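Notes follow the structure.
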Amino acid sequence: MNPIRKLLLLSLALVATVTVQATEVPLGDFFKDAEFTDVSLSPTGEFITVSVPQGDRTVLAAFRVKDMSLVGKWDYGAKKHIEQVSWVNDERFFMYVSEKVGRFDQRVGTPDVYATNVDGTKRADIPNGGTYTIQDKLWEDPSNILVSRSVDSAYLSKLNVNTGRVTTVASAPLRFGSFILDHEGKVRYAVGIEKTGERVTLRRNGDGWSEMNRARLGDSTRTPLGFDAKNERVLFSVSDKGEPARIVVANPEGGQDTLLAQNKNVSPDDYLVSSDERDLLAVRFMDGVPNYTFINRDHPESKTYAGLINAFPQHSLSFDGISRDGKLVLFRAFSDVDPGSYYLFNRETGRAQFLLAAREWIKPDQMSPMEMITVTARDGTTLHGYLTIPKNSDGRNLPLILHPHGGPHGPRDEWGFNPEVQFLANRGYAVLQINFRGSGGYGDAFEGKGYRNWGTTMIDDMTDAVNWVIEEGVADRNRICTYGASYGGYAALQSVVREPAMYKCAVGYVGLYSMSLWMKDSDVAESEYGRNYQRDVFPDTEAGRQAQSPAFNVDRIRAAVMLVHGAKDPRVPISQYDFLLKKLQEAGKPPEVTIVEDKEGHGFYDFQNQVDLYTALEKFLDKHTAKAGAAPASSP
């Protein structure tokens, strides 16, 4: 055992001798809606908007920052949810709305966008506005913005924010693409993805284009991000052989790269740009916890950002807006035990104004911290992840839940408040989240290693991580279960297929269990891009797909099984649940618990449905992880 972990466990043991048992937080507190879902700052800094869930809808309210007086409110009715706001000039913004269609409880984005002035006047519906990506705000022309949209080719257009009228400015021969403009508004590059999954960068030559880079996953990539403050050199995201991308600046005509930011483990996941939108100030990396690498340390706004980061040493900060004059900064302070609060910092007065908390009923001192871990897989590959140990436990011989993330390609587990993890830890479980091969964020090569290996190498990474936790003395090898959703649901069932002696129970939540079936009936299969993705990530033979599909290998399952699904799931249809259920029953191994909600989709959204799900989950896990001779915690 490493010395740092020895000290940690010793400190936990000492704390346990002088503290009472951890408070059991009501289950519903973890899963009820946050008090708000989005906050935005107007370009002038005069107003903020807040999206507020209210029963069967999410409404939007706008406040004047000076006195926090209400200046406008928007409510589009039952089952309509205003999820996000994008300011298009100093007084006008677009609202992106999702809805619950018919009896479906899963939210679906609407193609239209609703536009309004901050005082509620000049409201308009922008037809198909939700299918456009905003590329540039034209501050000198407040009636228009530049947007991109792909329909066979990529199009850059000028969109009138009052009428919705669209005028094409440029096009590029990319199936799914966007555009890079310099600070003078000239189109310089186009970047995108072809139907085949190849990523392409085009450079503007007069009225035409020349191909600069074409790459499949793991190939050398050089993607333009924007221009430097002087509008002379180009900022690129560069990876030579699929390693985590680095940020460089270079002359557009070629020559030596100047390195700006790099992390050996992860690629950048966010950027800080100056209020005049000309200077790249910092690059964020999610290497364990979020951290910023400052590029321009002398810029006054960089000093402000760095000062705010230092002022919240127990939190990470997400910077969500700065006024155009650079005076006001909107940010969220959050942590693994704190869902987060929004503040508005005035750079002239040096004061931060508290605005609102996402889940004020959550008490950070009752939550359990996430520990960053590094595990060496059986073939020497380095894996990163998190281990959450229940607060006030001694950190020894605990029941363990392996909790694989969904995706699996692109997403990854991150540091921050996770309601499911905190719920499980509050009930006494250690929770393991490992970023197995195939996860996003660690470079294309690492992600590509998961292709065609969903049920083999990726599962082995999870197994190796579980064994590491056991060897560290944290987990009781006789009290281990696995629970996940989507790909995580697949991984839970495939883990008990591949390692039948390791787990006492497995929970598959909206999981896929037959690869070949999913290639036929998922909404992913409805597009050529989706079908190419399926062919890339799955084995290329029926025998290979069956070998990695839990439904075809139920004879190896010894663990108790719980299955959860939404009957209206378009991403992983109910046919997956039905097929696995049939195979388990035919093998004489029916699932112990089944939950199917007729109106739910890919994940449950209704609060009562969630309460019912997690109540049943807690009872199931308790039953199968109780110590020998002890009654399950949930028993009467």
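The values are calculated or read from the model by the stated rules, or taken from the named source; none is laboratory data. Bear in mind the structure is a predicted one, so any value in this text is a computation, not a measurement. Reconstructed Cβ throughout: ideal geometry from the backbone, glycine too, with neighbour counts over all protein chains shown. Please note that ligands, DNA and RNA were not included when accessible areas were found on the heavy atoms of the full protein model with its side chains. Shrake-Rupley method; radii C 1.70, N 1.55, O 1.52, S 1.80 Å.
Here are some notes:
- Selection count, segment 144-177, where residues are within 26 Å of G72 (Cβ to Cβ), without any contact (Cβ under 8 Å) to a residue 24 or more places away in the chain and either open to solvent by 30 Å² or more (accessible area, probe 1.4 Å) or part of a helix (DSSP H, G or I) (or both): 2
- Every test in (1) under 22 Å from Q84 (Cα atoms); (2) exposed (fewer than 15 other Cβ atoms within 10 Å of the Cβ); (3) over 28 Å from the mean Cα position of the chain (by Cα) is passed by D141 save one, and that test is (1).
- Condition broken by L580, with the remaining ones in (1) surrounded by fewer than 17 Cβ atoms within 10 Å (Cβ to Cβ); (2) within 30 Å of A501 (Cβ to Cβ) satisfied: (1)
- Segment 245-300, residues that are small (G, A, S) and not in a strand (DSSP E or B): A245, G254, G255, S267, S274, S275, G288
- Selection of strands (runs of 3 or more DSSP E) fully inside segment 505-623 by the criterion of at least 3 residues being closer than 21 Å to G455 by Cα returns 505-509, 560-566.
- Selected residue [open to solvent by less than 50 Å² (accessible area, probe 1.4 Å) and within 26 Å of the chain's Cα centre (by Cα)] from V118, V88: V88
- Per the listing K230, K241, the residue uniquely within 27 Å of D287 (Cβ to Cβ) and out of contact with any strand residue (DSSP E or B) (no Cβ under 9 Å at 6 or more places or on another chain) is K241.
- The set of residues from segment 48-59 being open to solvent by 10 Å² or more (accessible area, probe 1.4 Å) and polar (S, T, N, Q) comprises just one member, Q54.
Let's see how each residue does on (1) charged (D, E, K, R); (2) more than 22 Å from Y271 (Cβ to Cβ); (3) in contact with a Gly (Cβ under 7 Å, 6 or more places away or on another chain):
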| site | (1), (2), (3) |
| --- | --- |
| R204 | yes, yes, no |
| W209 | no, yes, no |
| A215 | no, no, no |
| P224 | no, no, no |
| F227 | no, no, no |
| S237 | no, no, no |
| I247 | no, no, no |
| N251 | no, no, no |
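- Lone unmet requirement of (1) surrounded by 14 or more Cβ atoms within 10 Å (Cβ to Cβ); (2) modelled with pLDDT of 95 or more; (3) farther than 20 Å from C481 by Cβ for M562: (3)
- Counting the residues of segment 335-355 that are open to solvent by 20 Å² or more (accessible area, probe 1.4 Å), at negative phi and of a type outside the set (S, T, Y) gives 11.
- Residues of segment 270-320 classified as under 23 Å from the mean Cα position of the chain (by Cα), among the charged types (D, E, K, R) and surrounded by 14 or more Cβ atoms within 10 Å (Cβ to Cβ), total: 3
- First in segment 454-479 and within 22 Å of Q548 (Cα to Cα), second anywhere and in a helix (DSSP H, G or I) and open to solvent by 10 Å² or more (accessible area, probe 1.4 Å), Cβ under 9 Å, 6 or more apart: G455/R498; G455/A547; G455/N553; T456/R498; T456/A547; I459/R498; D460/R498; T463/R498
- Within segment 473-488, the set of residues being open to solvent by less than 20 Å² (accessible area, probe 1.4 Å) and outside any strand (DSSP E or B) comprises G473, V474, Y487, G488.
- Residue count for segment 357-400 under the criterion of being hydroxyl-bearing (S, T, Y) and either within 25 Å of L27 (Cα to Cα) or open to solvent by less than 50 Å² (accessible area, probe 1.4 Å) (or both): the result is 5.
- Condition check for A491: modelled with pLDDT of 95 or more, among the small types (G, A, S) and open to solvent by less than 10 Å² (accessible area, probe 1.4 Å): yes
- Positions within segment 60-75 being under 17 Å from V97 (Cβ atoms) and surrounded by fewer than 17 Cβ atoms within 10 Å (Cβ to Cβ), in sequence order: K73, D75
- Hits in segment 413-429 - residues which are without any contact (Cβ under 8 Å) to a residue 60 or more places away in the chain and within 16 Å of G440 (Cβ to Cβ): D413
- Test: residue in segment 556-564 that is under 25 Å from the mean Cα position of the chain (by Cα) and under 19 Å from G508 (Cβ atoms): yes
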